[in-house]
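Novice: Can you read through this structure? Questions will come right after.
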Amino acid sequence: MKNIILSCETRKKGSVNTEYTDAAEAGLEVSFGNFEDVGINEVSVSVRNTGDSDFCGIIKISVTACSDDPGFFMPGYMYGRNTAEKPSSGRKAFPRIKSDLSGMPESDFFMTRADRLAVPVSLVYENDEVWGIAAAPYRKESDKIKFCGFSCSMQEKGKASAGYTLGYENAPWLFVQTATVLDRTIPGDEESFFLPAGGEVTFSVWIYHYKGKDEIAVYKAIEHAYSVFHESPRQIAGMTPQKAVAMLKEAIRDNAWLEDEKMYSGFVFDTPEGHTYNKIGSLTWTNGLAVVTPMLMAADRDDDEKTRTQCLAFLDKILKGAYNKASGLLYDAVDGERWSVRGWWYDGMHSGGHSGYLNGQAVYYILKAYETEDQTRGEKHAEWLDLVRPVIAKLNSIKNTDNEYPFSMSETTGAGLEYDSMGGAWCLAATALFAVITGDKSYFEGMKLSESRYYDAYVKHAQCYGGPLDTDKAVDDEGILAYIRAVRIMHEMTDEDIYLEHMSYALRYEASFKLCYNTPVQVKPLSSVGWSSCGGSITSTANPHIHPMSSSVIGEMFYYTAHCDDPYITSVLQDTVGWSLQTFNVKEKEYDFGLSGWMSERFCFCQGLLTEKYPDGTPASTWFALMPWASASIIEGLLAAF
C-alpha cells in the first residue's frame with residue numbers, strides 16, 4: 001500500500017498569488033486526529049489561529065500519495081481524466097485533467113465549489129488502490145451558508161492528491177456551461193473562510209485508503225460518503241406516483257400537442273398572448289418517441305383515449321416518412337413532413353449522419369409502444385414490427401470488430417462512421433427487447449459480445465461517454481441508462497447472475513451522478529419553492545445541471561432490488577422516486593412559470609448553467625418552459641411505482 005500524507009495549505013483573501021502555502025505561514029496550527037493508514041477513517045481536524053491577526057481565505061486539506069498514472073473521481077464532475085487522454089475537438093469546454101497541458105479546458109488540477117459534486121468526496125485511483133477525502137459540503141454560520149470545496153491535483157511530479165477546502169475556489173476556471181467558462185478570481189468574502197485571531201475550528205473529514213480491483217473500487221468510498229451525508233428529498237402532502245403521472249400527462253396532452261404537425265412541441269412557453277412553441281421535431285431523445293411512448297403507456301393504463309390518439313398519430317407519422325431506404329435506418333429529425341438527419345444537434349457532431357443513440361432509442365421505444373398496446377389492449381401493431389425489423393438487422397450488421405454499435409452512420413449507405421461511445425448501447429437495448437417480443441434469438445450471441453464490450457470498455461472503468469449528442473463525448477449519465485435497460489432484459493432472458501452483477505455497477509455509476517443531499521440552492525425559483533436536489537442526477541461533466549432522464553429507469557431499479565438485497569441501491573431508488581414527485585408545478589406558476597403539471601428539463605442546483613434570466617435580468621435556476629420529454633421521463637419511471 002502507498003504511504004498517504006495529510007497536509008494543510010492556505011491562500012488568503014485578496015491574494016493575487018495563486019499558490020497555496022503551508023498553513024503555518026498564515027499563523028495557523030493544524031492537527032489531525034489519530035487514524036489508521038488503511039481503511040475508512042473519520043478524522044478530527046483542528047485548525048487554530050495562533051497569529052495576532054484574523055485569518056480570512058481558503059484552507060485546503062490534501063490527501064497525497066506517490067503516483068505515476070492516476071485517475072480522479074469527483075462524482076458528477078470528474079471521472080478518471082474526463083477523457084483528457086483522447087483528442088479534443090476544441091469545441092466543447094469541460095474539465096479535463098492532464099499533466100501535458102495545451103490550454104483551457106485542460107489543467108493539472110481542478111478546484112470547485114462543493115455543491116458542484118453529487119456526493120461530497122474526492123478520490124484518486126491507481127493500480128488497484130484508492131485514496132481520498134470526504135467532508136461536509138457547506139457550513140452554516142449565523143444562518144448564512146458558507147460553501148466548502150473539493151479539489152484534485154497532479155501538479156506535483158510523481159504525486160497525486162485529493163483535497164477539501166474550507167472556503168472554496170473555482171480554479172483554474174468556473175465552467176458555467178461549455179460556452180461560458182470564467183477565469184479564476186481572487187478570493188473575496190463570499191469564497192473565504194474566516195477564523196479570528198486566537199480562534200479555533202474543529203471539523204471531521206473521512207479519509208479513504210484501500211485496495212480494490214478496477215476503477216469500480218471507488219464506489220465503496222462513494223457509497224460510504226452517501227451514508228454520511230444523505231438527506232431525503234422533500235415530500236409534498238398528498239402527492240403519489242398515480243397523481244404525479246396524471247398531472248404530468250394531462251399537462252402535455254392539453255398544452256403541447258401540435259395537431260397540424262402530429263407531434264408534441266419540444267418547448268411550450270406560457271405568455272400573456274397565449275402559448276408559443278419551439279418545436280424541435282425529433283425522432284426521439286429530446287422530443288418524439290421519448291415523449292410519445294411514456295404518454296402511450298400512461299394512456300393505456302388509464303384508458304385516456306385523447307392521449308392515445310395523439311401518440312398513435314405520431315407513430316403513424318414515423319411509419320409514413322421516417323424510414324430511409326438508402327441507409328436502412330430511421331431519420332433522426334422532422335420539420336413538418338420532412339424527415340432528415342439534421343436535428344438541432346447536427347452542427348455539434350464530428351461526422352454527421354444518423355445517430356446510433358437516436359436510432360437505437362427509437363426502436364426501443366417503438367417496441368415498448370408495441371408491448372404496452374399488446375399487454376393492456378390486446379392490440380398487435382404488426383406494422384411497427386415490420387418497420388423496426390430491418391433497422392435492427394442494419395444496426396447489428398454495422399457493429400465494429402470490438403462488437404460496439406456505431407455512434408453515427410452514413411445517411412446514404414448506413415455504414416458506421418464513428419464508434420467509441422456508450423450511445424450505441426441503445427442499439428443493444430433495442431435488440432434485446434426485439435428478441436423478447438418477437439422470440440427471434442438470432443442476434444443473441446452478438447448481444448452477449450456487445451454487452452461485454454460496453455462493460456469492459458466503459459462501465460468497469462467508471463467512465464462512460466458518448467451518450468448525448470451535444471457534449472462532444474464528455475463523460476455523462478445518459479448512455480448508462482440504455483445499458484441498464486439492456487442488462488435488465490438480458491437477465492430476464494437468461495437468469496444469469498453476471499447481468500445482475502453488471503447491473504449493480506451500472507446503477508452505482510448512475511448513482512454517482514445523483515445528488516445524495518439537498519444543496520442549499522441560492523437562486524430562484526428553486527431556492528424559494530423548497531425544491532430538493534437529492535435524487536436528481538447531473539446530466540454530464542459538461543452540462544452541470546439536473547435533468548430528469550435518470551428517473552426513466554425507476555422500473556429497472558425496482559427489478560434489480562427485487563432480485564438483490566442491496567440497501568444502498570434501495571435507498572437511491574427511494575431518492576429517485578421522491579425527487580420525481582416534487583420537481584414540477586403542483587400549482588400554477590409555482591416555479592414562476594406555467595400551469596399545473598408543467599415542468600422543464602433544467603434544474604440548476606449549483607453555479608452551473610445559470611444562463612436563464614428573469615425579465616429584470618436576474619439569474620433563474622430553471623428554464624421557464626414546459627418540456628414534454630422531461631415530464632415523460634418522470635412518467636415512464638413512476639409508472640413502475642404503482
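Novice: Would you mind calculating the gained length between Lys613 and Thr50 on full extension (0.36 nm times residue separation, minus the Cα-Cα distance), in nm to one decimal?
Specialist: So the extension gain works out to 198.1 nm.
Novice: Please get the size of the charge dipole for the chain, origin at its Cα centre, with Cβ charges of +1 on Lys and Arg and -1 on Asp and Glu, quoted in debye to the nearest 20.
Specialist: On the way: 58 positive and 87 negative charges, 117 e Å.
Once rounded to the nearest 20, the dipole reads 560 debye.
Novice: At what distance in angstrom do the alpha carbon centres of the range 538-612 and the range 107-180 lie from each other?
Specialist: Here the two parts' Cα centres lie 24 Å apart.
Novice: Semi-axes of the equivalent ellipsoid of the range 5-229: what are they in whole Å, largest first, if each equals the square root of 5 times a C-alpha gyration tensor eigenvalue?
Specialist: Numbers: eigenvalues 140, 96, 49 Å².
That gives 26, 22, 16 Å for the three semi-axes.
Novice: For the chain, with the dipole built from +1 on Lys and Arg beta-carbon atoms and -1 on Asp and Glu ones, taken about the Cα centre, which of Pro272, Gly594, Ala179 lies farthest toward the positive end?
Specialist: Most positive-ward Cα: Pro272.
Novice: Could you grab the Rg to Rh ratio for the range 322-512? Cα atoms only, Kirkwood for Rh.
Specialist: Numbers: Rg = 15.9 Å, Rh = 16.6 Å.
The Rg/Rh ratio comes out at 0.95.
Novice: Restricting to lysines 8 or more places apart or on different chains, can you count the pairs in the range 5-229 with Cα atoms under 12 Å from each other? Display every interim value, and only then the final one.
Specialist: Values: Lys12/Lys60; Lys86/Lys98; Lys98/Lys157; Lys211/Lys220.
Eligible lysine pairs with Cα atoms under 12 Å apart amount to 4.
Novice: Whose amide H sits under 5 Å from the amide H of Glu129, counting only residues 5 or more places off or on another chain, with H placed in the peptide plane?
Specialist: Under 5 Å from the amide H of Glu129: Gly212.
Novice: Using only DSSP helix segments of four residues or longer, with each worth -39500 (n - 2.57), what per-residue ellipticity at 222 nm results for the chain after dividing by its residue count and rounding to 500?
Specialist: Working: 14 runs with 194 residues, N = 642.
After summing the helix terms and dividing by the residues of the chain, the value is -9500 deg cm²/dmol.
Novice: Can you work out the Karplus-derived ³J(HN,Hα) for every residue in the range 494-506? Use 6.51 cos²θ - 1.76 cosθ + 1.60 with θ = phi - 60°, whole Hz, and x for glycine or proline.
Specialist: Running phi through 6.51 cos²θ - 1.76 cosθ + 1.60 with θ = phi - 60° gives 10, 6, 8, 5, 4, 6, 5, 4, 5, 5, 4, 6, 5 Hz.
Novice: Which whole-number percent gives the relative contact order of the range 322-512, counting Cα pairs below 8 Å spaced six or more residues apart?
Specialist: Numbers: 328 pairs, mean separation 38.0, N = 191.
Relative CO of the range 322-512 lands at 20 percent.
Novice: Roughly what would the spin-label model give for Glu85 and Ser142, points 7 Å off Cα along C-beta, in nm?
Specialist: That separation, rounded to one decimal, is 5.0 nm.
Novice: Enumerate the amide H contacts of Ser408 below 5 Å, restricted to partners 5 or more residues apart or on another chain; note that Pro and chain-start residues carry no placed amide H.
Specialist: Gly356, Leu417, Glu418
Novice: Across the range 14-22, in residue order, what do the Karplus-derived ³J(HN,Hα) couplings come to in whole Hz, using 6.51 cos²θ - 1.76 cosθ + 1.60 with θ = phi - 60° and x for Gly and Pro?
Specialist: x, 6, 7, 7, 7, 6, 8, 10, 3
Novice: Then there is this: Report the label-to-label distance for Ala179 and Ser351 in nanometres (one decimal), using points 7 Å from each Cα along the Cα→Cβ vector.
Specialist: 2.6 nm
Novice: Over 49 Å apart: what share of the alpha carbon pairs of the chain falls there, rounded to a whole percent?
Specialist: Summing the P(r) tail past 49 Å for the chain gives 12 percent.
Novice: Provide the net charge surrounding Tyr443, with neighbours chosen by a C-beta distance below 15 Å and charges set as Lys +1, Arg +1, Asp -1, Glu -1. Mind showing how you got there, number by number?
Specialist: Working: positive: Arg389, Lys394, Lys399, Lys441, Lys448, Arg453; negative: Glu404, Asp440, Glu445, Glu451.
That works out to +2.
Novice: Pull up all non-local amide H partners of Ile280: gap of 5 or more, or a different chain, and H-to-H distance under 5 Å with H placed in the peptide plane.
Specialist: Amide H neighbours of Ile280, under 5 Å, 5+ apart: Gly266.
Novice: Quick check: residue separation of Gln375 and Ser227 times 0.36 nm, minus the Cα distance between them. What number comes out in nm?
Specialist: Details: separation 148, 0.36 × 148 = 53.28 nm, distance 3.98 nm.
Separation in residues times 0.36 nm, less the Cα-Cα distance, equals 49.3 nm.
Novice: Still on this structure, please answer the following. Along the range 566-578, what does the Karplus equation 6.51 cos²θ - 1.76 cosθ + 1.60 (θ = phi - 60°) give for ³J(HN,Hα), rounded to whole Hz, x for Gly and Pro?
Specialist: Running phi through 6.51 cos²θ - 1.76 cosθ + 1.60 with θ = phi - 60° gives 9, x, 5, 5, 4, 5, 4, 4, 4, 4, 5, 5, x Hz.
Novice: Still on this structure, please answer the following. Please work out the Cα center distance from the range 292-315 to the range 405-468, rounded to the nearest Å.
Specialist: 28 Å
We did not get these values from a lab; they are worked out from the coordinates using the rules stated. It should be emphasised that the depicted structure is a prediction, and the values quoted were computed from it without experimental measurement. Heads up, the Cβs are rebuilt from the backbone with ideal geometry, glycines too, and the neighbour counts pull from every protein chain shown.
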